[in-house]
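Input: a single structure, listed below in structure tokens.
Every number in this text was worked out from the coordinates using simple rules, so none of it is lab data. Computed from a predicted model, the values in this text were never measured in an experiment. Every residue, glycine as well, gets a Cβ built from its backbone with ideal geometry; the counts of neighbours run over all protein chains shown.
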Amino acid sequence: MWYREAGDFKKTYSEDSQTFPIRLDRIGYFVILLVAVLVVPFFITSYAANAVLVPFLIYAIAVLGLNILTGYCGQVSLGTGGFMAVGAYASYKLMTSFPDLNIFFVVILAGFVTAAVGMMFGLPSLRIKGFYLAVATLAAQFFLVWLFNKVPWFYNYSASGQINAPERTLLGYIITGPNTSPSAKYLFCLAFVILLAWIARNLTRGTLGRSWMAIRDMDIAAEIIGVNPLKAKLSAFGVSSFFIGIAGALYFTVYLGAVEVGEAFGITQSFLVLFMVIIGGLGSILGSFAGAAFLVLMPVLLKNVLVGGMGWPTDIAAHFEFIIVGGLIITFLILEPHGLAQLWRIIKEKMRLWPFPH
Amino acid sequence: MKLTKLAAIAAVALTAASPVMADLVFPSLSYRTGPYAANGIPFADGYADYMTLMNERDGGIGGVPTKLLECETGYNTAKGVECYEATKGEGALIYQPLSTGITYQLIPKASADGIPVHSMGYGRTSAANGKVFEWVFNYPATYWDGASIAVKHIMDQEGGDIKGKKIALVYHNSAYGKEPIRTLEELAKMHGYELMLIPVDHPGQEQKSQWLQIRQQRPDYVLMWGWGVMNQVAIQEASNIGFAMDHFIGIWWSGSENDVLPAGDGANGYKALALANPGGDYAIYADLQKHVYDAGKAAGSGDQMKTVLYNRGLYAALLAVEATRKAQEIHGVAQITPAMMRDGMEALEMTEASMAALGMADFGPEFKNTCENHGGSGLGKVQQWDASAKTWNLITDWIQSDKSVIDALIAEDSAAYAAENNITERCN
């Protein structure tokens, strides 16, 4: 009734090709954006920031990155954890080597360093495909973790091999370190999410995104119609790693403040991000957010309900968390193999016809 | 839209449990799941049972009941942070995360929030320097004490000279396992032994290649900094390659019943350091039996009592409770704050007599905390596993670590931390 294209006249080409063609979507998008930027920071608690929203935002960036590579370009990667580690260690080295460098640029530069590393590991993708490429990126995962453990230069020769984020400020507000206010953490991450999601959305519907999708759908056909596979695949690896590197840098500097590579950026991290992509929906920006939200918020929510609300013993609750989250993943994938994003698309289709379906 | 709704529910679920300041709140960041559960469960049970005993027998500490907030971390730092954030608002007095990784996370956070951290025999060794680490304590002994005690024991066994001997360190490839390396290197220079480093990646279920390396290079002694499933696997592998078990020495976190039992007779003769005495012949068990077990209030499944790590959980809780008493005494109030708790910890002194009065005579070492020293006395014993009797036997008395080496290293490492974080030294 209210959710429809009818009556929403488009007069120019740019209006016709906008991201949210339906008015209600547009309004909803801006309302969420306004609430996220102007309302949430005033009410955010330390717990909501550190345990819920900041990890959600950071994972959303990582999932956007992997979605560009896997969802849009069709190159399966299991190296996400390793690339996040590159972002984290790059930001650490930059922070400690150039103490006066602004934290915003540190994060961006860490993204570029990761992009370079990602493109290097993306080179084999020109020759190998599918599962074989997955194994090659798996090698990147293990190699990078091993490297950051083995070479003391990366962790400034500290006794424990841990890296710690020193305190840095942006426009007078503390962004990293233990004295950061929850709203500063949240807004810093949110700024990156908004910026990167906007970039991702516009890249994927432009020339570059179309060439990625052509490669994904059939690489030989794409080559015949003039898509350069070298350029398409390497750019996908580069852009994807840039996103993942920023996520890794934020994960270390803003979220945890101290990490050790084996635990924070191990293979489980790679799988977690990949699951977020699959559950959210391959090749969807909204799906990236939905997937990250599902796997970050669901365990925290379950924990609070089972332990805090129902007073269960912590170990039984922890086991049930696995069972419930696992069960929900299977249920969702059986009901909708294309992820939460497809579910949302179907709901929108139904809403257009409501209340008079055929 | 969906996301914000979920977040809102999560926020409500949390704020519903608003701070109640009527109790003395002790958060227990435990892990009863995952690859480290075998070691996490007995410790958490001991910690919880001691707190229950305080409430049931004494009606709390100084008349104020204790409240235990258990939170499952799975030995995972991100979950540890979530637990810290979830519990700190409820008036948490002291954090004892039983994880070096989580301790590293909490050191800056808890220092900023003004809540003391007690990493008992783990965590960051240089936190022993109270001049720099105001809020962090690691008494009664540190990892570097442990490394030094192990080397001293080897020297005793070899008749005082270990020049040219080869000592391998099998360690958990994390901040925890890497911690003793610096001390062992320093001691290698001093005593002339050769140090071999053999890392084992988390969780340590697969160690074939590491023990193959040991078999090929034949070190004279193997030291181990392991935790969780890694301990059991290492002891099994060592017995598989026929390594002399009395030349295989674990840190105090690699010496519980759960670590040696799976290897059966193969584990016979395996040694580990002891932070406190093994066994269950303590007067406190009579009280626990009466007030906790028989009343059906035992934590977990109630089958861990009298094991090494259960005792250590009791000990951790005992030290926290004694620090609370001290704080109540200093400040003259029963309902203490985390800042008062810190003062209590800094003034804590444990003697033979005070331990005996608490029903744990001859259990832990004597030590006295000061403003400068948060690391205790640095004493440890060596215990050996008897597989036929299934008991740990002490084979040495308290061994004093080589403070001349360790103090210099602590000063160096804490000075680096102070410089990084712009901390001016206290206690002057």
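Results, tabulated for the structure shown:
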item	result
Chain B: relative contact order in percent, alpha carbon pairs under 8 Å with at least 6 residues between	20
The range B:138-277: C-alpha gyration tensor shape, a/c 1.5 cut-off, then a/b vs b/c	rounded
On Cα atoms only, tilt of B:308-331 relative to the major axis of chain B in degrees	50
Whole-Å distance, taken between Cα centres, linking the range A:185-228 and the range A:266-344	25
Value of relative contact order over chain A, rounded to a whole percent, pairs C-alpha under 8 Å and six or more apart	29
Part-to-part distance (alpha-carbon centres) for the range B:127-168 and the range A:1-19, which is given in Å	73
The range A:148-236: C-alpha gyration tensor shape, a/c 1.5 cut-off, then a/b vs b/c	oblate
Shielding by partners - mean other protein chain Cβ count within 10 Å, residues of A:303-315	5
DSSP beta bridges in the protein assembly as shown [antiparallel fraction, %, rounded to 5]	40
FRET efficiency, A:Phe30 to B:Glu412 (Cβ-Cβ, R0 56 Å, nearest 0.05)	0.50
Span-like helix ranges in chain A, DSSP H, alpha carbon extent 24 angstrom or more, Kyte mean at least -0.5	A:80-97, A:103-122, A:130-150, A:182-204, A:229-250, A:285-303, A:314-335
Computed lengthening from A:Phe112 to A:Leu353, 0.36 nm per intervening residue step minus Cα-Cα distance	82.2 nm
Approximate spin-label separation B:Glu425-A:Leu286, in nm, with each point projected 7 Å along Cα-to-Cβ	6.2
Only Lys, Arg (+1) and Asp, Glu (-1) charged, at Cβ; chain B dipole about Cα centre in debye	800
Set of the range A:230-256 residues, backbone N closer than 11 Å to the point 7 Å along the Cα-Cβ line of A:Ile199	A:239-247
With Cα atoms, 0 to 90° folded angle of helix B:181-191 axis to chain B main axis	40
Helix axis angle, B:100-113 relative to chain B longest principal axis, alpha carbon, degrees	30
Gyration tensor verdict on the range A:46-283 (Cα atoms; rounded if a/c is under 1.5, prolate if a/b is larger than b/c, oblate otherwise)	prolate
Chymotrypsin sites (Phe, Trp or Tyr not before Pro), loop per DSSP, at most 13 other Cβ atoms within 10 Å - longest free stretch of chain A	A:158-358
Computed lengthening from A:Met310 to A:Tyr173, 0.36 nm per intervening residue step minus Cα-Cα distance	45.4 nm
FRET efficiency estimate (nearest 0.05) - Cβ-Cβ, B:Ile395 to B:Lys163, R0 25 angstrom	0.55
Förster radius 35 Å - calculated FRET efficiency between A:Leu328 and A:Lys10 (Cβ-Cβ, nearest 0.05)	0.35
Alpha carbon centroid spacing (whole Å) that separates the range B:231-277 from the range B:349-415	20
Cross-link partners of B:Lys390 among lysines (Cα-Cα below 23 Å; sequence separation of 8 or more within a chain)	B:Lys271, B:Lys306, B:Lys381
Members of B:Lys178/B:Lys290; B:Lys131/B:Lys178; A:Lys93/B:Lys166 lying beyond 32 Å, as alpha-carbon distances in this model show	B:Lys178/B:Lys290; A:Lys93/B:Lys166
Peptide A:249-262, shielding by other chains (average Cβ, 10 Å cutoff)	4
Given charges at beta-carbon only (K, R positive; D, E negative), |dipole| of the range A:46-283 in Debye	400
